[in-house]
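The structure appears below as structure tokens.
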Amino acid sequence: MNIHEYQAKALLRSYGIPVSDGRLVQRAEEAKSAAGELDGPLWVVKSQIHAGGRGKGKFLEAEAGEKGGVRLAKSVEEAAEFARQMLGRTLVTIQTGPAGKQVNRIYIEDGSDIERELYLALLIDRQTSRISIVASTEGGMDIEEVAHATPEKIHTFSVDPAAGLQDFHGRRVAFALGLKGAQVKQCVAIVKNLYRLFTDKDMDMLEINPFVVLTDGNLKLLDAKMGFDGNAIYRHPDIAALRDETEEDPKELAASKFDLNYIALDGEIGCMVNGAGLAMATMDIIKLYGAEPANFLDVGGGATKEKVTEAFKIITSDPQVKGILVNIFGGIMRCDIIAEGIVAAVKEVGLQVPLVVRLEGTNVELGKKIINESGLNVIAADDLKDGAEKIVKAVKG
């Protein structure tokens, strides 16, 4: 689960981590009074969407002006005008895709006198099963670009969970970033509090870009992105309350409410599979035969008829889907349950695209019988290869 920048900064502030003072604006008429509560003489007006690259992004609507989603204002009136231009518009960044995201919130904060921009992140390293700290002197840039062009400028190390974070970790970050004197002590305190926040709230990613050195020598976190482990959200009702469902893919949101694992992709063949490994194999073989998967959808081992019905409805709601491949291996899952769900879903939402079904395993004969006697226009497949060939042929012609 991701949250907005203004929410992330409130969490940082609660852990004693230095961030700029700011105000949230959700209506254009609130912007002037919100900006007036800040000291100035420079105000930063930031679009709040769950995507990076906002400053370099562009709005689809001409009324929003030609500047990006992060703008510097030199007066309260200019800050209010920028907020008015951005609210309700669609911002397209390198991370949103061409459709962009609508800006429903603006964050106005005090400007800062910056001497240097740095990069700092904490994240879960899947290879070591530890929290890793990533630091770079190349702040304010896309870290992927830095990793490609100058990988030697990225410093990464992990923290032993048995010993926990120690002061030397903070000093190691400080030296990697070229900090000196009192800045080292500040950095140690900041890294310690970031690690505490990260572990307290079950995060899987905390990115600070830029992490800045001000002209007075002090350190400050100017931007923050946070991601939380979805499987641990139940332990943090305060974090769950920060969820903004308008920022999520409607299909993925609907799937989560039925405990379905769904991820939207860019292809034309919808997939309904049980088990993550089988889902990956299904997507691979679709690509092998010359098409692209439209989604990853794992109904899991204990899916009910209702869950299968909902899964089918989610797939068919995607206008990109030109065909559907159902590939079920009935180990824990029974093939007749899948068949009943498919029949129920098709009768409820209709079937406008080719449907290929491959069933194997527990109650497979009963499952095939249910589908065969349903009167549906379903293409039966004997195995995965046969299913992939048939759905690609049905879609491609």
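Of all the listed residues (Glu292, Glu389), the sole one being closer than 22 Å to Glu268 by Cα, charged (D, E, K, R), in contact (Cβ under 8 Å) with a residue 60 or more places away in the chain and surrounded by fewer than 19 Cβ atoms within 10 Å (Cβ to Cβ) is Glu389.
Yes/no matrix, rows are residues, columns are (1) touching a helix residue (DSSP H, G or I) at 6+ places or on another chain (Cβ under 6 Å); (2) at pLDDT below 90; (3) outside the structural domain of Leu87 (by TED's automatic domain parsing):
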| position | (1), (2), (3) |
| --- | --- |
| Lys32 | yes, no, no |
| Glu37 | no, no, no |
| Ala51 | no, yes, no |
| Lys56 | no, yes, no |
| Phe59 | no, no, no |
| Val70 | no, no, no |
| Lys74 | no, no, no |
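Per the conditions (1) under 22 Å from Arg196 (Cβ atoms); (2) among the β-branched types (Val, Ile, Thr); (3) in a loop (DSSP other than H, G, I, E, B), the sole criterion not satisfied by Ile94 is (1).
Here the condition is being farther than 28 Å from Asp383 by Cα, touching a residue at least 60 places away in the same chain (Cβ under 8 Å) and either within 19 Å of the chain's Cα centre (by Cα) or not assigned by TED's automatic domain parsing to the domain that holds Lys385 (or both); of Leu253, Leu242, it holds for Leu242 alone. Applying the criterion of being over 16 Å from the mean Cα position of the chain (by Cα) and not in a helix (DSSP H, G or I) to the residues of the range 280-296, the residue that is nearest to Ala381 (Cα to Cα) is Tyr289.
The residue list Lys32, Lys9 contains one member that is surrounded by 16 or more Cβ atoms within 10 Å (Cβ to Cβ), more than 16 Å from Ala224 (Cβ to Cβ) and not small (Gly, Ala, Ser), which is Lys32. Criterion first (among the aliphatic types (A, V, I, L, M) and touching a Gly at 6+ places or on another chain (Cβ under 8 Å)) does Ile108 satisfy it? For Ile108, the condition - among the aliphatic types (A, V, I, L, M) and touching a Gly at 6+ places or on another chain (Cβ under 8 Å) - is met.
Residue-wise test of (1) within 17 Å of Val273 (Cβ to Cβ); (2) among the hydrophobic types (A, V, I, L, M, F, W, C); (3) in a loop (DSSP other than H, G, I, E, B); (4) assigned by TED's automatic domain parsing to the domain that holds Val343.
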| site | (1), (2), (3), (4) |
| --- | --- |
| Ser374 | no, no, yes, yes |
| Asn377 | no, no, yes, yes |
| Asp382 | yes, no, yes, yes |
| Val392 | yes, yes, no, yes |
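Within the range 325-346, the presence of a residue that is on the phi > 0 side of the Ramachandran plot, assigned by TED's automatic domain parsing to the domain that holds Ala254 and either of a type outside the set (Ser, Thr, Tyr) or touching a helix residue (DSSP H, G or I) at 6+ places or on another chain (Cβ under 7 Å) (or both) is excluded.
Counting only residues that are under 20 Å from the mean Cα position of the chain (by Cα) and charged (D, E, K, R), which one in the range 208-234 is farthest from Asp125 (Cα to Cα)? Checked the range 208-234; the qualifying residue farthest from Asp125 (Cα to Cα) is Asp223.
Screening the range 342-386 for residues that are charged (D, E, K, R), farther than 20 Å from Lys322 by Cα and surrounded by fewer than 16 Cβ atoms within 10 Å (Cβ to Cβ) and picking the one that is nearest to the chain's Cα centre (by Cα) gives Asp383.
Test Gly16 against the criterion of being outside any strand (DSSP E or B), farther than 20 Å from Leu91 by Cβ, modelled with pLDDT of 95 or more and not hydrophobic (A, V, I, L, M, F, W, C), and give yes or no. Criteria met by Gly16.
Scanning the range 12-29 for residues that are touching a residue at least 40 places away in the same chain (Cβ under 8 Å) and basic (Lys, Arg), we see that the one that is surrounded by the most Cβ atoms within 10 Å (Cβ to Cβ) is Arg23. Does any residue of the range 272-279 turn out to be assigned to a loop (DSSP other than H, G, I, E, B) and either β-branched (Val, Ile, Thr) or surrounded by 19 or more Cβ atoms within 10 Å (Cβ to Cβ) (or both)? Within the range 272-279, one or more residues are assigned to a loop (DSSP other than H, G, I, E, B) and either β-branched (Val, Ile, Thr) or surrounded by 19 or more Cβ atoms within 10 Å (Cβ to Cβ) (or both). Does Leu179 satisfy the condition of being in contact with a Cys (Cβ under 9 Å, 6 or more places away or on another chain), at pLDDT 95 or above and surrounded by 16 or more Cβ atoms within 10 Å (Cβ to Cβ)? Yes: the conditions hold for Leu179. Annotation note: Cβ proximity below 8 Å between a residue of the range 178-202 that is free of Cβ contacts under 8 Å to residues at least 24 places away in the same chain and a residue that is of a type in the set (D, E, K, R) and surrounded by 16 or more Cβ atoms within 10 Å (Cβ to Cβ) (sequence gap 6+ or interchain) occurs for Val184/Arg171; Val188/Arg171.
The values are calculated or read from the model by the stated rules, or taken from the named source; none is laboratory data. All values derive from a computational prediction rather than experimental measurement. When we count neighbours, we look across all protein chains shown, and the Cβ atoms used for this are built from the backbone with ideal geometry, even at glycine.
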